[in-house]
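The values are calculated or read from the model by the stated rules, or taken from the named source; none is laboratory data. Owing to the predicted nature of the structure, the values given are computational and were not obtained by experimental measurement. Counting neighbours? That spans all protein chains shown, and the Cβs are built from the backbone with ideal geometry, glycine included. Side chains included, ligands, DNA and RNA excluded: accessible areas come from the protein's heavy atoms. Shrake-Rupley method; radii C 1.70, N 1.55, O 1.52, S 1.80 Å.
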Amino acid sequence: ICNMALLTGNWLFDIFAFLTALITVFFAWTKWCHGYWQRRGLFTPPPTFPFGNSQNLFTQQESTGDFFLRMYDYFRAHNKPHGGLYLMFMSAYMPVDPEIIKNILQNDFNHFVDRGVYFNEESDPLSAHLFSLEGAKWRSLRIKMTPTFTSGKMKMMFETLVKCSDQLTIEMDKSVNRDSIDIKDILVRFTTDIIGNCAFGINCNSLKNPDNEFTKYLKLFFLDNFWENFINFLTFIAPNVMKKFGVKAVKPVLSKFFMRVVKETVDYREKNNIYRKDFMHLLLQLKNRGTLADDGAIFKEDDKKKEVSLTMNELAAQAFVFFLAGFETSSTTMTFCLFELASNEEIQEKLREEINVVLKKHDDKLTYDAIMEMHYMEKVINETLRKYPPLPILNRICTKDYRVPGTDFVIEKGTKVIIPNLGLQRDSEYYPDPEKFDPERFSEENRRTRHPFTFIPFGEGPRICIGLRFGMMQTKVGLSVLLKNYKFSISQKTTLPLQLDPTSFIMTTKGGVWLDFVRV
Ligand code: HEM
């Protein structure tokens, strides 16, 4: 063995020398990475070895929302319009001035087209969806998908939402006047049923049967241990490295299940020319006709087939992203909303009053037109999304060098950009007494006094949430049905003040939101 020694004549010393050299190189490299913003003259909180500024994120001691809110407050406290962060070895640019944010998201969007998140069309086809796709591919898909979300298409799907809300009251009635409920649990099942129906055309009925196959697989998507969260964090900061290591965003067993479900639905509908009023029908039209039409046909002889119609994998990935983006965001919004309403009885009463008055005008029927008339409801939901945006940050990647207007600072191509929407929305300069739940902040008059980019829960610019209308619609339907029938108060089982779950990227609470409720 001694013959193998190369440097010192002793293999033990060799190993020691090698490790020392490795650690020194790693240390020097990290130091160099953590000097990036200083070299470029941008303000940054002092980094520590080896996490940079992200120690609490990395160790999951702080939620994504809390962490970036703290960073936002740090830059604001130092009177900076923007600053630099180190997430491990990765440098990220964070603007806090709403005017810079407006330029990045909207005016100078062509420098920030992509999100720079992981996707892999070949080995992980479900990950190649509208949220993650880049450049020309994203643009062409976005153009094709946009007509899927018009108000006409929302109206078409409305009856499915009403059907799911009937089941919601049946389930609620089982606990009424008796037990507290974890409201998030039941709302997740409600939105799962809606999106399961609308995106996949599947009646999974998770309200009635929480242990159904669909929900079981869906749970696999969520990360439930430290290791999975850790890998997820690395995938966020270094998607290309993780791609090289063959890491997949969608677990193979989940991917197999969704692919099978979509294939079966597609085959069945194509074979039998089935028309259902849902996203799946619209996706099928895009696949086979290359365009959307206001009819029930999946195929049409005389349609000129566009060269870039959706492939089977592309169709599946879009159904998948509608599902993921659709059920968790809206159920979280309804959960926080009901928490605030249970804590603020007057606001709850006022909203219930509006629901009753509007429904009376519409023959006691919950219709699309009725919910569009609920203007106080809109303010209440906006105030909820202000305090608790389901996605507490937006992200972009700089795709072309960009000089920040009014400064000499240039964001280099390839730099990650993080837009702190939670920070903006909890900033006392724009929202005095930011912890207070006050829907009147969203009166026309009050809105006009603020920079529009201080409220961006759905993002902004060409990459704004495509499902905004659908998300608002299902949130309004859920709230209308619940508040019309039940009166809510906070249960003793809820831990106050609410704490954010550090293991979840989406804003969600640790320990659930437990409410008591009685029939109105
Ligand atoms: C309350 C509900 C919802 C909230 C708060 C929400 C929020 C967001 C946010 C913040 C973004 C990123 C925007 C940006 O980067 O500028 C986004 C993107 C997206 N959302 Fe939503 N969302 C909601 C509901 C939905 C629903 C119901 C769907 C689908 C049915 C959906 C599908 C998408 C998709 C596909 C994208 C990516 C768009 C693109 O990159 O072109 N979302 N959403």
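With the other protein chains left in place, how much accessible area per residue, in square angstrom, belongs to the range 34-519 at a 1.4 angstrom probe?
Values: 21030 Å² over 486 residues.
So the range 34-519 comes to 43 Å² accessible per residue, rounded to a whole number.
For the residue pairs Lys219/Lys248; Lys144/Lys219; Lys184/Lys487, the C-alpha atoms sit more than 26 angstrom apart in Lys144/Lys219. With all protein chains present, how much of the accessible area of the range 253-388 (probe radius 1.4 Å) comes from carbon and sulfur, to the nearest whole percent? The nonpolar share, carbon plus sulfur, comes to 50 percent.
Determine the calculated [θ] at 222 nm for the chain from helices alone, applying -39500 (n - 2.57) to every DSSP H run no shorter than 4 residues and normalising by the residue count; nearest 500 deg cm²/dmol.
For the chain, the value works out to -15500 deg cm²/dmol.
Note on the range 358-377 and the range 211-290: Cα centroid distance 35 Å, given to the nearest whole angstrom. Convex hull volume of the C-alpha atoms in the range 391-520, normalised per residue: 166 Å³. When DSSP beta bridges are limited to those with both residues in the range 34-519, what percentage is antiparallel, rounded to the nearest 5? Looking only at bridges with both residues in the range 34-519, the antiparallel portion is about 90 percent.
For the range 286-416, lysine pairs with C-alpha atoms less than 21 angstrom apart, excluding pairs fewer than eight positions apart on the same chain, total 14.
Net charge near Gln167: determine it from the other residues with C-beta under 14 Å of the C-beta of Gln167, scoring Lys and Arg +1 and Asp and Glu -1.
On the way: positive: Lys163, Lys174, Arg189, Lys208; negative: Glu159, Asp166, Glu171, Asp173, Asp193.
Its environment carries a net charge of -1.
If you bin every alpha carbon distance in the chain into 10 Å steps from zero, what whole percent lands in each bin? Going out from 0 Å in 10 Å bins, the chain shows 3, 17, 27, 26, 17, 7, 3, 1, 0, 0 percent.
Considering only DSSP states other than H, G, I, E and B, which trypsin sites (Lys or Arg not before Pro) in the range 1-84 qualify as loop sites with at most 16 other Cβ atoms within 10 Å? Don't skip to the end; give the middle numbers.
On the way: sites: Lys31, Arg39, Arg40, Arg70, Arg76; in loops: Arg40.
For trypsin sites (Lys or Arg not before Pro) across the range 1-84 that sit outside H, G, I, E and B with at most 16 neighbouring Cβ atoms in 10 Å, the list reads Arg40.
Sorting 234-243, 434-443, 83-92 by average packing, meaning the other beta carbons within 10 Å per residue, from highest down gives 83-92, 234-243, 434-443.
Assign one of three labels to the range 323-428, namely rounded, prolate or oblate, based on the Cα gyration tensor with a ≥ b ≥ c the square roots of its eigenvalues; rounded applies when a/c is under 1.5, prolate when it is not and a/b is larger than b/c, and oblate otherwise. Since a/c reaches 1.5 and a/b is larger than b/c, the shape of the range 323-428 is classed as prolate. Summing +1 for each Lys or Arg and -1 for each Asp or Glu among the other residues whose beta-carbon sits under 15 angstrom from that of Gln38 gives +3. Determine the shape class of the range 153-236: with a ≥ b ≥ c the square roots of the Cα gyration tensor eigenvalues, call it rounded for a/c under 1.5, and otherwise prolate if a/b is greater than b/c, oblate otherwise. Judged from the Cα gyration tensor, the range 153-236 comes out oblate (a/c at least 1.5, b/c at or above a/b).
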